[in-house]
Amino acid sequence: MKTIRAQHVIEAVKELCVKANYCLPPSVTEAIRACREAESWGPAQNVLDRILENGEIAREGVFPACQDTGITCVFVELGQDAHVEGNLKDAVDEGVRRACAEGYLRRSVVSDPLSRVNTGDNAPAIISFDLVGGDKLKLTVAPKGAGSENMSRLVMLKPSDGRRGVIDFAVETVRLAGSNPCPPVVVGVGIGGSFDQVAALAKKALLRPLGQPHPERRYAELESEILAEINRLGIGPAGFGGDTTALAVAVEYRPTHIAMLPVAVNINCHVARFQSAVLEGEDHADPTYDAPDQG
């Protein structure tokens, strides 16, 4: 059994949260550059140039890549042979609080969805826990802005709707979103599971580095087909038209009931932010964590 101190979780979450807001994953920047080279519409080229310039300025550590520094989504993969010394949830939330203060991140979380009272520190985080093998703790921090999150949708299709139904729903979701989620977007699609699980699948799909297709061929082909149909919509960067409405589509699926075909679409804006790190505990010793993975 390896021990990981809560203090190290706090520090890791704080660092990852700040880095995620200031440094876009390399795969995102590379995808935007590739789309800029392929883009045929002048106004769209100009928007993509400004997006790349914005990313360079943010990386210098002066301003976050987007003024909406999001609600903090934290994905926790806890090894079954690892023990966190202290309250793991409280440690994650404290890391978010410190990131908000030290990273000058916008305070965007309200304590109650109806009374709308701001918590003042961006906590609590949205935390997803996954128990895995091993004795390590992996943390992935993905700030999620409201402009893109508000455009996400979920539907319980009939099994007879099949593959075509999935494609149509994903494309329709992006069409209805228009310029609201700050395109070019990244589209996460969850298929299967249950009502609650399919939304989590769609969000988890957004953590895959852009340009990395699904390992199963039929789902990789589905991703390519959805992406092509979305880019034929002509919405373009910032909604000004063009060839680049989406940078990538990522699909995740799970087994489901014979009478169900749940589908969820979670949209990310072009500021598709996430950072990961692995904490390695030791017996009666301070743990260390590796360099953040920028996707």
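Taken together, the values in this text are just the output of simple stated rules run on the coordinates, not laboratory data. Everything quoted here is computed from the prediction, not taken from an experiment. Counting neighbours? That spans all protein chains shown, and the Cβs are built from the backbone with ideal geometry, glycine included.
Relative contact order (percent) for the chain, with alpha-carbon contacts under 8 angstrom and 6 or more residues of separation? Write out the running numbers ahead of the final one.
Working: 675 pairs, mean separation 82.2, N = 295.
That works out to 28 percent.
Taking the Cα centre of the chain as reference, the dipole from Cβ charges on Lys and Arg (+1) and Asp and Glu (-1) amounts to some 800 debye.
Taking the highest mean first, how do the peptides 65-71, 5-11, 269-275 order by number of other beta carbon atoms within 10 angstrom per residue? Walk me through the numbers before you get to the answer.
Numbers: 65-71: 21.6, 5-11: 19.7, 269-275: 26.3.
Going by the mean number of other Cβ atoms within 10 Å, highest first, we get 269-275, 65-71, 5-11.
Counted over the chain, the DSSP beta bridges are approximately 60% antiparallel. Projecting the Cα atoms of Phe274, Gly86, Phe169 onto the charge dipole of the chain, computed from C-beta unit charges around the Cα centre, puts Phe169 farthest toward the positive end.
Legend note: in the chain, cysteines whose Cβ sits 4.7 Å or more from every other cysteine Cβ are Cys17, Cys23, Cys35, Cys66, Cys73, Cys100.
A dipole drawn for segment 147-268 from +1 and -1 charges on Cβ atoms has a positive end, and of Gly188, Ala199, His257 the residue lying farthest that way is His257.
Treating each Cα of segment 147-268 as an identical point scatterer and summing with the Debye formula, the log10 of I(q)/I(0) at q = 0.09, 0.12 Å⁻¹ comes to -0.21, -0.37.
Net charge dipole, segment 147-268: roughly 160 debye, given to the nearest 20, about the Cα centre with Cβ charges of +1 for Lys and Arg and -1 for Asp and Glu.
Applying the Karplus relation 6.51 cos²θ - 1.76 cosθ + 1.60 with θ = phi - 60° to segment 103-120 yields 3J(HN,Hα) values of x, 6, 8, 5, 7, 10, 10, 9, 6, 9, x, 9, 6, 6, 8, 5, 6, x Hz, where x marks Gly and Pro. Note the angle between two axes, namely the Cα long axis of helix 26-38 and the longest principal axis of the Cα atoms of the chain, as a number of degrees from 0 to 90, rounded to the nearest 10. Value to nearest ten degrees: 20.
Helix 217-231 and the longest principal axis of the Cα set of the chain meet at an angle near 60°. Axis of helix 195-205 versus longest Cα principal axis of the chain: the two differ by about 90°, to the nearest ten degrees.
The magnitude of the dipole of segment 205-272, with charges of +1 and -1 set on the Cβ of Lys/Arg and Asp/Glu and taken from the Cα centre, is near 140 debye. Mind scanning Lys136/Lys203; Lys2/Lys203; Lys158/Lys204; Lys14/Lys89 and naming the pairs with a C-alpha gap bigger than 20 Å? Beyond 20 Å: Lys136/Lys203; Lys2/Lys203; Lys158/Lys204.
What value in Å³ per residue do you get for the convex hull of the alpha-carbon atoms in the chain?
132 Å³
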